[in-house]
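Encoded as structure tokens, the structure appears first; notes follow it.
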Amino acid sequence: MRSNIRPALVLTVLLCVITGIGYPGLVTGLAQLIFPRQANGSLVRVNGRIVGSELIGQSFTRPEYFHPRPSAAGAGYDATASAGTNKGPTDRKLADTLIALRVDSAVQLDGAIKGQVPSDMVTASASGLDPHISPANARLQVARVARARGVSAADVQKLLDARTEGRQFGVLGEPRVNVLLLNIALDSALTIRPAKTALVPTLPRTLP
């Protein structure tokens, strides 16, 4: 019995050191050395202040910004409560309530045509944290953003085109737009022009 217990204990301790300390330490060290920005959360800074992460979406509701896809994570884009709605395409509540309301909102805000609304404009992602929207979704929002900022739609579209990411390695995934990075670029390149009438106040240039 003793001859079996001793090697078992030694092996257990050795494996704990290797898998619990050695391997995680090696991977963490290499990540910090080779990919420090990604290893620390791909954080996005504006004027030295952290405003978010490239990997986690956040809510934008003001008209001068591009809006993300819906989120079912907590109150929306809550990284501690990542989740989808768990409702399938045959769920009546999803189709008749959530999607119908979102389609109506897209029609009212962005002039979308019913039956031609991009799916990511009215459905949440599985994680609820998706930071990207499709180019088709973003294009529908161009006119609204341009009006709210008092700039031309062509200028907004040009910025959108520059911020549209292609397929990874040319074959993986679909073209996409990172909403946070696009909105930061908007604030940097296309400031909100003062309203023509004093009755309408100028909107602040800060991310919500």
Set Ala146, Ala154, Ala100, Ala106: member being assigned to a helix (DSSP H, G or I), over 18 Å from the mean Cα position of the chain (by Cα), under 20 Å from Gln58 (Cβ atoms) and among the small types (Gly, Ala, Ser): Ala106
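From the list Val117, Val46, which one is without any contact (Cβ under 8 Å) to a residue 24 or more places away in the chain and either more than 20 Å from the chain's Cα centre (by Cα) or farther than 16 Å from Val177 by Cβ (or both)?
Step by step, each of Val117, Val46 is checked, and only Val117 is without any contact (Cβ under 8 Å) to a residue 24 or more places away in the chain and either more than 20 Å from the chain's Cα centre (by Cα) or farther than 16 Å from Val177 by Cβ (or both).
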For the stretch 47-91, which positions are open to solvent by less than 50 Å² (accessible area, probe 1.4 Å), at pLDDT 90 or above and not in a loop (DSSP other than H, G, I, E, B)? Val51, Gly52, Ser53
Among the candidates Gly150, Gly128, which residue alone is surrounded by 15 or more Cβ atoms within 10 Å (Cβ to Cβ), farther than 24 Å from Gly52 by Cβ and touching a residue at least 40 places away in the same chain (Cβ under 8 Å)? Gly150
Selection status of Ile21, of a type outside the set (S, T, N, Q), loosely packed, with under 11 Cβ neighbours inside 10 Å and either closer than 26 Å to Val179 by Cβ or modelled with pLDDT of 85 or more (or both): yes
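The values are calculated or read from the model by the stated rules, or taken from the named source; none is laboratory data. Please read all numbers here as calculations on a predicted model, not as lab measurements. We place every Cβ from the backbone using ideal geometry, glycine too, and count neighbours over all the protein chains shown. Side chains included, ligands, DNA and RNA excluded: accessible areas come from the protein's heavy atoms. Shrake-Rupley method; radii C 1.70, N 1.55, O 1.52, S 1.80 Å.
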